[in-house]
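A.B. asks: Please read through the structure below; I'll follow up with questions.
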Amino acid sequence: MSTISFGDMASTLRNMRFTTQAKQDLDRYNYEVASGEKQDLSAAVSGDFSPLASIERSLRTLGSYDIAIQEADLFATALQSSFGSISSHVEDLSSSLLTASTNADATSVSVAAKDARTRFDAVVSTLNARIGDRSLLSGAATGKTALITADDMMSELMTAVAGALTAADVETIVDDWFMSSGGGYETTAYQGSASSLSPFSLGENEKVKLDITAEDMSIRETLKGLALASLVDEGVFDGEVGTQASLLRSAGETLMGAQAGLADLQAQVGSIEARIEEANLSNKAMTYSYETAKSAIISADPYEAASMLTQTETQLQLIYTLTARMSQLSLADYI
């Protein structure tokens, strides 16, 4: 039986083709072992990229929702922290004001009034807090500070009560300034927007509103109580300890009443925080599902890739060995 053999040129071309294929396979399996992903995605999806594109689009959407969720969570956490700080000031001060008004001596009144003034500064500063470049309590006008400074506010109030003759007169003027529609608080102190902050989108059909502003009545009631006591420190009815004690008593009672409103604000924010956390968990679960589906399409089997890499390296090494031996053949070896 005759034997069909390859000529030298054919053998050379065949060896070059084997070598090229082995190198390509080596590159492919090196990539798959290193990245954990299939190199030829077209073959992996049989030329139909629609499912993969849909998954990628869903992951990008979920990624944008994740950013919004983190922003909403940061905003809500900052609000909760602010209201907690204010509540702490109110709780501590209200009892000390009532005690000082009961004692009605100059030292007690002076110390309590000075404490109130310090806490008034702190509360106004807290209400003017910002997250990054956004004001917490300015509504839609996030670029503006919610309130004028505590010093400016006290200056406005001192002007307003300049003609007051009794503690009741001061209480009425301060109440109108803070609580009345179109009063000094709305026209002078509050610098934010009447429109609330736009809702945060947490998902396709999930939004939350953090629409509390410094115009909230509970906040205004709190500031009114603090301001009443602070006016004593500013010198209102200076030397009239009894009248000043009466103002401190009214301030303490006002702050006692404001605590319920502040607690309600904290509860509102707490409810929103719970919704944000639920949305966060749901978003992460959906993201995990889509990433798992994507991984099933594009991921290479690590054991198979490693095995084929070893096999291809062996094959390429054998080709190089045979080529080296063939290149050393000489006619003299056969003569």
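The values are calculated or read from the model by the stated rules, or taken from the named source; none is laboratory data. All figures in this text were calculated on a predicted structure; none of them were measured in a lab. All Cβ positions, glycine included, derive from the backbone under ideal geometry; neighbour counts span all protein chains shown. When the accessible area is computed, the model is the full protein with side chains, heavy atoms only, and any ligands, DNA or RNA have been set aside. Shrake-Rupley method; radii C 1.70, N 1.55, O 1.52, S 1.80 Å.
A.B. asks: From the list Ala296, Ala258, Ala267, which residue is modelled with pLDDT of 90 or more and surrounded by fewer than 12 Cβ atoms within 10 Å (Cβ to Cβ)?
C.D. replies: Unique residue meeting the criteria: Ala267.
A.B. asks: What are the residues in the stretch 196-229 that are out of contact with any Ser or Thr (no Cβ under 9 Å at 6 or more places or on another chain) and hydroxyl-bearing (Ser, Thr, Tyr), if any?
C.D. replies: Within the stretch 196-229, Ser198, Ser218 meet the criteria.
A.B. asks: Condition first: at pLDDT 85 or above, more than 15 Å from Pro199 (Cα to Cα), touching a Phe, Trp or Tyr at 6+ places or on another chain (Cβ under 8 Å) and not small (Gly, Ala, Ser). Now tell me which residues in the stretch 46-73 satisfy that.
C.D. replies: Leu59, Leu62
A.B. asks: For the stretch 240-254, indicate whether the set of residues that are touching an Asp or Glu at 6+ places or on another chain (Cβ under 6 Å) and crowded, with 18+ Cβ neighbours inside 10 Å is non-empty.
C.D. replies: yes
A.B. asks: Within the set of pairs 6 or more residues apart or between chains, which connect a residue that is within 16 Å of Leu226 (Cβ to Cβ) and of a type in the set (Ser, Thr, Tyr) inside the stretch 145-174 to a residue that is modelled with pLDDT under 95 and crowded, with 20+ Cβ neighbours inside 10 Å with Cβ atoms less than 7 Å apart?
C.D. replies: If the second residue must be modelled with pLDDT under 95 and crowded, with 20+ Cβ neighbours inside 10 Å, no pairs are left.
A.B. asks: Moving to a separate point now. Does the stretch 158-181 contain any residue that is part of a helix (DSSP H, G or I) and either under 30 Å from the mean Cα position of the chain (by Cα) or on the phi > 0 side of the Ramachandran plot (or both)?
C.D. replies: The answer is no; no qualifying residue exists.
A.B. asks: In the stretch 83-141, which residues are more than 24 Å from the chain's Cα centre (by Cα), small (Gly, Ala, Ser) and not in a helix (DSSP H, G or I)?
C.D. replies: Within the stretch 83-141, Ala104 is the sole residue that qualifies.
A.B. asks: Which members of the stretch 275-293 meet the condition of being under 20 Å from the mean Cα position of the chain (by Cα) and open to solvent by less than 80 Å² (accessible area, probe 1.4 Å)?
C.D. replies: Ile276, Ala279, Asn280, Ser282, Asn283, Ala285, Thr287
A.B. asks: Within the stretch 105-154, take every residue that is basic (Lys, Arg) and touching a helix residue (DSSP H, G or I) at 6+ places or on another chain (Cβ under 6 Å) and give me the one that is least open to solvent (accessible area, probe 1.4 Å).
C.D. replies: Checked the stretch 105-154; the qualifying residue least open to solvent (accessible area, probe 1.4 Å) is Arg117.
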